[in-house]
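Peer 1: Below are the structure tokens for one structure; questions will follow.
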Amino acid sequence: PSITRGVTVDIPKVSWDDIGGLKDLKKKLQQAVEWPIKHSAAFARLGISPIRGVLLHGPPGCSKTTLAKAAAHAAQASFFSLSGAELYSMYVGEGEALLRNSFRRARLAAPSIIFFDEADVVAAKRGGSSRNSTTVGERLLSTLLTEMDGLEQAKGILVLAATNRPYAIDPALMRPGRFDLVLYVPPPDMEARYEILRVHTRNMKIGDDVDLRRIAEDTELFTGAELEGLCREAGIVALRENISATLVSNRHFGTVKSSLKPALTRDEIE
Ligand code: ATP
């Protein structure tokens, strides 16, 4: 991937199958992202204007970034990844310049997906106090709004933003032609946890005694990221026990599981 400060670009390799659960959500993203790019002629024929922006919200570690990458992979779109926090921390004017530059490069590289992590940092509600104040956040937000409005003419460019604080996003971004689609990415339920465990043990040698369904039952409130960590750690425990181990067994999963506590609490689930 080519890397310029603050932005990385390539076509991601993650596919929909690498994401456990979230079947309906994947379908919605397919329609919103993949179709307009792959079937742009059909959209033009029927006079349908594709969605410009999708906002993904939900707790950390539940695959918002991975979903955006899978969408880009499926559409074979260039993926421009920007971090709201990073833009915010740049020198005066640098963040806006990077933002404009990313949109410009995305237009040149179309089809493209511009992904904004921690979008709430850049797209935070504008303060009501002093009307003319131009804080870093406000300038970034106004640049983002200008760029998104400019997308109307551009073809094959979509903005995907992720946040775990959707209520902090400025309502101006929710107007038609901006983030038209808002999707909640929930923590995995039992079935999704089972599928996530399957994804992350796909390339592992696991013993017959490992019952992924059982583990899925025992890991309520675990995020996808934590389940991924559980699988990796179980492998490390097996190796620590015996560096010539050929299998990861149930007790290795058990050892790790008993030492983990999910970061999410029931109250945090929307
Ligand atoms: P954050 O808000 O912290 O940026 P996120 O919601 O964007 O988090 P990701 O970065 O996509 O989450 O996921 C973190 C890790 O967890 C990834 O490496 C991914 O492989 C794994 N993961 C999360 N959810 C799933 C899932 N449903 N299936 C498979 N892996 C998952």
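The values are calculated or read from the model by the stated rules, or taken from the named source; none is laboratory data. Computed from a predicted structure; not experimentally measured. Please note: Cβ atoms are built from the backbone with ideal geometry, for glycine as well, and neighbour counts cover all protein chains shown. Quick note on the areas: whole protein, heavy atoms, side chains included, nothing else; ligands and nucleic acids left out. Shrake-Rupley method; radii C 1.70, N 1.55, O 1.52, S 1.80 Å.
Peer 1: Can you give me the number of residues within the stretch 159-173 that are away from the ligand (no atom under 16 Å from the Cβ) and open to solvent by 70 Å² or more (accessible area, probe 1.4 Å)? Reasoning before the result, please.
Peer 2: First, the residues of the stretch 159-173 that are away from the ligand (no atom under 16 Å from the Cβ): 170-173.
So of that shortlist, the ones also open to solvent by 70 Å² or more (accessible area, probe 1.4 Å) come out as 171.
Looking only at that region, the number is 1.
Peer 1: Are any residues in the stretch 171-203 touching a helix residue (DSSP H, G or I) at 6+ places or on another chain (Cβ under 7 Å) and at pLDDT 95 or above, and if so, which ones?
Peer 2: Passing the criteria: 183, 185, 188, 190, 193, 194, 196, 197, 198, 199, 200, 201.
Peer 1: Please count how many residues of the stretch 197-211 are among the charged types (D, E, K, R), touching a residue at least 24 places away in the same chain (Cβ under 8 Å) and away from the ligand (no atom under 16 Å from the Cβ).
Peer 2: First pass over the stretch 197-211, keeping only residues among the charged types (D, E, K, R): 198, 202, 205, 208-209, 211.
Pick out the ones that are also touching a residue at least 24 places away in the same chain (Cβ under 8 Å) and you get 198, 205, 209, 211.
Now restrict to residues that are away from the ligand (no atom under 16 Å from the Cβ): 205, 209, 211.
Count: 3.
Peer 1: Would you say residue 197 is assigned to a loop (DSSP other than H, G, I, E, B) and open to solvent by less than 40 Å² (accessible area, probe 1.4 Å)?
Peer 2: Values: assigned to a loop (DSSP other than H, G, I, E, B): no; open to solvent by less than 40 Å² (accessible area, probe 1.4 Å): yes.
The answer is no for residue 197.
Peer 1: If residue 190 meets every condition in (1) under 21 Å from residue 71 (Cα atoms); (2) within 15 Å of the ligand (Cβ to nearest atom); (3) surrounded by fewer than 18 Cβ atoms within 10 Å (Cβ to Cβ) apart from one, which number is that one?
Peer 2: Failed condition: (1).
Peer 1: Another question about this same structure. I'd like to know if the stretch 13-23 contains one or more residues that are out of contact with any His (no Cβ under 9 Å at 6 or more places or on another chain), within 13 Å of the ligand (Cβ to nearest atom), part of a loop (DSSP other than H, G, I, E, B) and on the phi < 0 side of the Ramachandran plot.
Peer 2: Yes.
Peer 1: Of the residues 29, 99, 67, only one is touching a residue at least 12 places away in the same chain (Cβ under 8 Å), in a helix (DSSP H, G or I), open to solvent by less than 40 Å² (accessible area, probe 1.4 Å) and within 10 Å of the ligand (Cβ to nearest atom); which? Please lay out each step first, then the result.
Peer 2: Numbers: 29 fails: within 10 Å of the ligand (Cβ to nearest atom); 99 fails: within 10 Å of the ligand (Cβ to nearest atom).
Within the list 29, 99, 67, the selection yields 67.
Peer 1: Residue under question is residue 257, and the condition is that it be exposed (fewer than 12 other Cβ atoms within 10 Å of the Cβ) and charged (D, E, K, R); does it hold? Don't jump to the end; show me each part of the working.
Peer 2: Values: exposed (fewer than 12 other Cβ atoms within 10 Å of the Cβ): no; charged (D, E, K, R): yes.
No: the conditions fail for residue 257.
Peer 1: Among the residues of the stretch 70-91, which ones are surrounded by 24 or more Cβ atoms within 10 Å (Cβ to Cβ) and part of a helix (DSSP H, G or I)?
Peer 2: Answer for the stretch 70-91, where residues must be surrounded by 24 or more Cβ atoms within 10 Å (Cβ to Cβ) and part of a helix (DSSP H, G or I): 70, 71, 72, 87.
Peer 1: Failed condition for residue 94, given (1) under 18 Å from the mean Cα position of the chain (by Cα); (2) open to solvent by 40 Å² or more (accessible area, probe 1.4 Å), with all others met?
Peer 2: (1)
Peer 1: Something else now. How many residues does the stretch 238-253 hold that are within 13 Å of residue 206 (Cα to Cα) and either in a helix (DSSP H, G or I) or open to solvent by 20 Å² or more (accessible area, probe 1.4 Å) (or both)?
Peer 2: Number of matching residues: 10.
Peer 1: Using the structure shown, decide if residue 220 is under 19 Å from the mean Cα position of the chain (by Cα) and either modelled with pLDDT under 95 or within 10 Å of the ligand (Cβ to nearest atom) (or both). Spell out how you get there, then give the answer.
Peer 2: On the way: under 19 Å from the mean Cα position of the chain (by Cα): no; either modelled with pLDDT under 95 or within 10 Å of the ligand (Cβ to nearest atom) (or both): yes.
When the stated conditions are applied, residue 220 does not pass them.
Peer 1: Does the stretch 213-232 contain any residue that is outside any helix (DSSP H, G or I), more than 28 Å from residue 269 (Cα to Cα) and open to solvent by less than 80 Å² (accessible area, probe 1.4 Å)? Walk me through how you get there before you give the answer.
Peer 2: Going residue by residue through the stretch 213-232, those that are outside any helix (DSSP H, G or I) are 218-223.
Adding the requirement that they be more than 28 Å from residue 269 (Cα to Cα) leaves none.
Checked against the condition, which is being outside any helix (DSSP H, G or I), more than 28 Å from residue 269 (Cα to Cα) and open to solvent by less than 80 Å² (accessible area, probe 1.4 Å), the stretch 213-232 yields no hits at all.
Peer 1: Kindly indicate the residue of the stretch 102-116 that is part of a helix (DSSP H, G or I) and open to solvent by less than 30 Å² (accessible area, probe 1.4 Å) and also farthest from the ligand (Cβ to nearest atom) among those meeting that condition.
Peer 2: Let us first name the residues in the stretch 102-116 that are part of a helix (DSSP H, G or I), namely 102-108.
Next, only the ones that are open to solvent by less than 30 Å² (accessible area, probe 1.4 Å) stay: 102-103, 106.
Working: 102: 18, 103: 22, 106: 20 Å.
Per the criteria, the residue is 103.
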